[in-house]
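Structure first, then comments.
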Amino acid sequence: MTAPILLTMGDPAGVGPEITVKALAQRDAAFRRRVTVIGDRAVLARAAKITGVDVPLVDPDDEADGIRVTHVATDALPDGFGVQDPACGEASFRYISAAVDHALADPRRCIVTAPINKASLNAAGHHYDGHTGMLAHLTGSKSSWMLLASEKLNVLHVSTHVSLREAIDRATTERVHETIRIGHAHLTKMGNPAPRIAVAGINPHCGEGGLFGSEDDEAIAPAVAAARSDGIAVEGPVPADTVFHRAYRGAFDLVIAQYHDQGHIPIKLVAFDTAVNVSLGLPIHRCSVDHGTAFDIAGTGKADHGNMQSALDYAERIIASGR
């Protein structure tokens, strides 16, 4: 397998197979040769029929034009879409594991992931909070970060899939400082020589001098000061109720969000169909669509594949950057 982009098709019962074949069918033959889909050939064929895609499924080393597929077998997959099933969770895990193995063997590759279902994944015995935690475990990484990237707003999270109470505990000076460094390094490697970074406060009005909590003064501000000492152009803590608007208007290239919803809500508002989920801090490259399995419309052919196109474009940027 030599293709630089490894596309895992996601949960077999979700919209992943549909958006995969639809997105690749719209690309030219030269681009399709750069992508290998890792998944189930029969499910992909079913998705192609539902969506009216007439580009053939071919083997990874086939010289003919087509969607290149590495078949990974899983027993007892459902015959249709839109169902939660442990077999689909097992299949999702196998696709990602195979992609990680190939990416570790050649760090120039980038994994692009279609959505998985966390309940199906856990029902299959794979207890992860989603792609990011699974990828960290499979690559032996102690930490990982979730970046949501879009044209006008980029948000990197200090923590993601944990309770709000735990997220506050995780917003330590060390973690926030490292998050700033990780974000700065990524934007620099992606072609921005001097990224402007803002760090969102964790409390209303950044605690208002201690009236609404001391975390911003005791944990966030020291992290910002440490990052400035590293030579990073960073401001903060900045009140979260204004910082995302300022970034969207062009004041900052990246916002550090302290927890999941603080960062996801503004991105979902301004770039719901185009934002790309990028994993940072791993020894491999991975980006993804920023939506779920959409069981309610899976199998209807209605799923919008625009977000998958954005993820594929971002993967090409990563590869071109030589990260």
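The values are calculated or read from the model by the stated rules, or taken from the named source; none is laboratory data. Just so it is clear, the model here is predicted, and its values are computed rather than measured. Please note: Cβ atoms are built from the backbone with ideal geometry, for glycine as well, and neighbour counts cover all protein chains shown. Side chains are part of the model used for accessible areas, which takes the heavy atoms of the whole protein and leaves out ligands, DNA and RNA. Shrake-Rupley method; radii C 1.70, N 1.55, O 1.52, S 1.80 Å.
Say whether the condition of being closer than 18 Å to ILE318 by Cβ, open to solvent by 30 Å² or more (accessible area, probe 1.4 Å) and free of Cβ contacts under 8 Å to residues at least 24 places away in the same chain is met by at least one residue in the stretch 35-48. Scanning the stretch 35-48 turns up no residue that is closer than 18 Å to ILE318 by Cβ, open to solvent by 30 Å² or more (accessible area, probe 1.4 Å) and free of Cβ contacts under 8 Å to residues at least 24 places away in the same chain.
Report yes if ALA200 is surrounded by 14 or more Cβ atoms within 10 Å (Cβ to Cβ), touching a helix residue (DSSP H, G or I) at 6+ places or on another chain (Cβ under 7 Å) and of a type in the set (A, V, I, L, M, F, W, C), otherwise no. Working first, answer last.
Details: surrounded by 14 or more Cβ atoms within 10 Å (Cβ to Cβ): yes; touching a helix residue (DSSP H, G or I) at 6+ places or on another chain (Cβ under 7 Å): yes; of a type in the set (A, V, I, L, M, F, W, C): yes.
Yes; evaluated as a whole, the condition is true for this residue.
Name the single residue, out of those in the stretch 15-27 being under 22 Å from ALA99 (Cα atoms) and not in a helix (DSSP H, G or I), that is least open to solvent (accessible area, probe 1.4 Å). In this case the residue turns out to be VAL15. Filtered by the rule that a residue be over 28 Å from ARG175 (Cα atoms), in contact with a strand residue (DSSP E or B) (Cβ under 8 Å, 6 or more places away or on another chain) and of a type in the set (A, V, I, L, M, F, W, C), the stretch 92-148 gives ALA98, ALA99, ALA114. When the criteria are applied in full, PHE295 fails the requirement of being more than 20 Å from the chain's Cα centre (by Cα) and either surrounded by fewer than 18 Cβ atoms within 10 Å (Cβ to Cβ) or assigned to a loop (DSSP other than H, G, I, E, B) (or both). Of the residues making up the stretch 81-140, those that are among the acidic types (Asp, Glu) and either closer than 25 Å to SER321 by Cβ or open to solvent by 50 Å² or more (accessible area, probe 1.4 Å) (or both) number 3.
When the residues of the stretch 141-154 are narrowed to those that are small (Gly, Ala, Ser) and either in a strand (DSSP E or B) or at pLDDT below 95 (or both), which ends up least open to solvent (accessible area, probe 1.4 Å)? Spell out the reasoning first.
Just the residues of the stretch 141-154 that are small (Gly, Ala, Ser), to begin with: 141, 143-144, 149-150.
Adding the requirement that they be either in a strand (DSSP E or B) or at pLDDT below 95 (or both) leaves 141, 143-144, 149.
Values: SER141: 27, SER143: 46, SER144: 24, ALA149: 5 Å².
Here the residue is ALA149.
Against the definition (among the polar types (S, T, N, Q) and within 18 Å of VAL21 (Cα to Cα)), how does SER97 come out, yes or no? Here the answer is no, as SER97 does not meet what is asked.
Among residues that are assigned to a helix (DSSP H, G or I) and on the phi > 0 side of the Ramachandran plot, HIS205 is included. Remark: pairs (first residue in the stretch 165-181, touching a residue at least 12 places away in the same chain (Cβ under 8 Å) and in a helix (DSSP H, G or I); second residue open to solvent by 40 Å² or more (accessible area, probe 1.4 Å) and hydroxyl-bearing (Ser, Thr, Tyr); Cβ separation under 6 Å; 6+ apart in sequence or on different chains) = ALA167/TYR259.
Of all residues in the stretch 222-239 being in contact (Cβ under 8 Å) with a residue 12 or more places away in the chain and surrounded by fewer than 23 Cβ atoms within 10 Å (Cβ to Cβ), which is farthest from ASN203 (Cα to Cα)? Can you show your working first?
First, the residues of the stretch 222-239 that are in contact (Cβ under 8 Å) with a residue 12 or more places away in the chain: 222-224, 226-227, 230, 232-239.
Imposing the further condition that a residue be surrounded by fewer than 23 Cβ atoms within 10 Å (Cβ to Cβ) reduces the set to 222, 226, 230, 232-233, 235, 239.
Numbers: PRO222: 16, ALA226: 20, ASP230: 25, ILE232: 24, ALA233: 23, GLU235: 16, PRO239: 8 Å.
Within the stretch 222-239, the match that is farthest from ASN203 (Cα to Cα) is ASP230.
On inspection, ALA30 qualifies as hydrophobic (A, V, I, L, M, F, W, C), outside any strand (DSSP E or B) and free of Cβ contacts under 8 Å to residues at least 12 places away in the same chain. Among residues of the stretch 298-319 that are on the phi < 0 side of the Ramachandran plot and open to solvent by 10 Å² or more (accessible area, probe 1.4 Å), those with a beta-carbon under 6 Å from a residue that is in a helix (DSSP H, G or I) and among the aliphatic types (A, V, I, L, M) at least six positions away or on a different chain give the pairs HIS305/ILE19; HIS305/ALA23; GLN309/ALA23.
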